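This report concerns only the one structure given below.
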Amino acid sequence: MRGKIFIQTNDRQRVVAEVSAYSLRRASKRPDAFDVQIMRREDHAFFDAREGALYLRDGSRCAWRNDDLQSFTPLRFMPPELMGYAGRALVIDPDIFAIGDVLELLERDMGGKAILCRPSNGAKGRAGCMASSVMLLDCAKLSHWRCQRNFEALFRFEHDYTDWMTLRGEARDTIGPLEEEWNDFDRLTERTRLLHNTRRWTQPWKTGLPVDFTPSERTRRFPPLGWARRARRRLLGPHRFAGRYRAHQDPRQEQLFFGLLRECVEQGVLPEERLREEIRHSHLRSDAFDLLDRTPPLSPAC
């Protein structure tokens with residue numbers, strides 16, 4: 001069975017997901033050897049049915065918002081169902097871009113594990129949390145993954161969203177290690193294979209726009225910041241006065257994204273009018289076309 005890559009997204013990140021899909025094929029010597037499917041949150045009605053309902057996240061009760069930047073994240077756990085619990089799948093976030101050939105990952109020996117992924121960063125990683133933003137999956141070993149069923153359990157307070165996302169409910173002996181280079185968190189080096197612009201505050205295509213995600217309300221370094229965020233959310237709503245996206249600290253990562261986007265426009269993958277529509281909806285920064293003009297062409301991938 002052919003390996004398949006799933007990119008989960010929503011309409012706020014749809015263009016970014018399409019750039020990601022383009023990058024996967026661009027960086028592969030055999031782009032016809034795998035399939036890529038974009039999974040949209042908007043295509044699944046069970047999300048809409050829970051708009052505004054309370055669920056458990058980081059130990060607090062929060063309202064589910066489908067217009068949140070990351071409302072697609074439960075879809076990380078849908079690929080085994082879509083594959084009929086057979087074969088191999090790679091699932092990635094939309095803000096991940098290929099530098100290396102993803103076939104090296106799709107074709108590797110999983111050593112009998114159900115999941116390959118890397119640890120989370122910082123304190124979460126030290127606490128045993130795993131990063132589900134990139135997972136190589138043996139679908140036959142994940143028959144207990146039922147995306148809608150597990151999503152609904154959040155609203156019965158049977159488990160915590162954060163525990164779900166960090167794989168705390170999975171048997172540890174079913175999870176194998178994945179090198180950091182296959183999910184490189186905002187780090188671009190000669191070893192990077194998949195670059196992940198995981199710091200939402202500095203995603204290069206959003207610079208200057210109002211924040212449209214829910215910042216974490218659990219901050220170990222300075223707990224009062226989490227309390228303030230919780231109070232702001234309860235009094236003003238999820239995003240009001242949450243701030244604005246900042247410039248990425250590594251200009252090369254901005255250049256990479258806009259270099260890929262430029263190729264998507266030049267090759268007709270993403271027409272200019274589509275980008276103008278995304279700008280009107282504040283899904284793409286307002287100076288995107290200026291950056292496309294200024295960004296130099298990327299070096300050939302293969």
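No lab work stands behind these numbers, since they all come straight from the coordinates. Nothing here was measured: the structure is a model prediction, and the numbers come from that model. Cβ placement follows ideal geometry from the backbone for every residue including glycine, while neighbour counts extend to all protein chains displayed.
In table form, for the structure just shown:
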{"read-out": "Candidate aspartates and glutamates for bridging to Lys29, where Cα separation is under 14 Å - those fewer than 8 sequence places away on the same chain excluded", "value": "Asp101, Glu104, Glu107"}
{"read-out": "Gyration tensor verdict on the stretch 1-119 (Cα atoms; rounded if a/c is under 1.5, prolate if a/b is larger than b/c, oblate otherwise)", "value": "prolate"}
{"read-out": "Antiparallel bridge percentage (DSSP; both residues within the chain; nearest 5)", "value": "50"}
{"read-out": "Contour minus Cα-Cα distance for Trp201 and Met110 (0.36 nm per residue)", "value": "29.4 nm"}
{"read-out": "Residue range of the chain that is longest and free of trypsin sites (Lys or Arg not before Pro) which are both DSSP loop and sparsely packed (at most 16 other C-beta within 10 Å)", "value": "30-107"}
{"read-out": "Helix-only mean residue ellipticity at 222 nm for the chain, each DSSP H run of n ≥ 4 adding -39500 (n - 2.57), per residue, nearest 500", "value": "-8000 deg cm²/dmol"}
{"read-out": "Exposure rule at most 11 other beta-carbon atoms within 10 Å, DSSP loop chymotrypsin sites (Phe, Trp or Tyr not before Pro): the chain longest free segment", "value": "1-156"}
{"read-out": "The chain: most fluctuating residue of Asp43, Asp184, Asp93 per GNM, C-alpha cutoff 10 Å", "value": "Asp43"}
{"read-out": "Taking all pairs of distinct alpha-carbon atoms in the stretch 239-302, Kirkwood radius in angstrom", "value": "13.0"}
{"read-out": "When the convex hull of its Cα atoms is projected in every direction, mean area for the chain (nm²)", "value": "15.3"}
{"read-out": "Full-stretch length increase - Arg61, Glu266 - with 0.36 nm per residue and alpha-carbon distance subtracted", "value": "69.2 nm"}
{"read-out": "Cleavage-rule hits (GluC sites (Glu not before Pro)) in the stretch 1-78: DSSP loop, at most 16 neighbouring Cβ within 10 angstrom", "value": "Glu51"}
{"read-out": "The stretch 42-90: C-alpha gyration tensor shape, a/c 1.5 cut-off, then a/b vs b/c", "value": "prolate"}
{"read-out": "Reachable lysines from Lys141, criterion Cα separation under 23 angstrom, eight or more residues apart if same chain", "value": "Lys4, Lys113"}
